[in-house]
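As structure tokens, the structure follows; a few thoughts come after it.
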């Protein structure tokens with residue numbers, strides 16, 4: 001009886017990997033590509049969320065600006081300023097007799 005020798009496990013794995021090198025490379029490429037797609041999708045979702053928040057903030061600032069513009073127009077209305085000057089500061093238009101002309105030297 002002759003003993004049949006079985007190859008070592010490491011040699012078998014090495015030869016199998018050598019024969020399946022293209023398949024191994026393709027497997028690693030697919031896994032790497034899948035992880036890259038997942039990462040890019042995550043970044044895209046984060047950027048979209050941040051963009052939506054910034055647009056919302058811009059709209060809020062735009063509304064506030066419009067309200068402040070309206071308030072400024074109301075507060076600077078001439079008749080209102082004149083009425084407040086008369087009521088609170090007791091200011092009146094001067095009479096012609098109260099006018100004083102200052103001579104120019």
Quiz prompt | Rough spin-label spacing in nm, given labels placed 7 Å along Cα→Cβ, for residue 8 and residue 75 | solution = 8.8
Quiz item: Angle, helix 9-19 long axis vs. longest principal axis of the chain, Cα atoms, 0 to 90°, nearest 10?
Solution: 70
Exercise. Hey, for a label at residue 93 modelled as a point 7 Å past Cα toward Cβ, could you say which residues of the range 55-81 have their backbone N under 19 Å away?
Key: 77-81
Quiz prompt | Point-to-point label distance, residue 33-residue 18, nm (Cα→Cβ direction, 7 Å offset) | solution = 2.9
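The numbers here are math on the coordinates, done by the rules we state, and not lab data. Keep in mind it's a predicted model, so treat the numbers as computed, not measured. We place every Cβ from the backbone using ideal geometry, glycine too, and count neighbours over all the protein chains shown.
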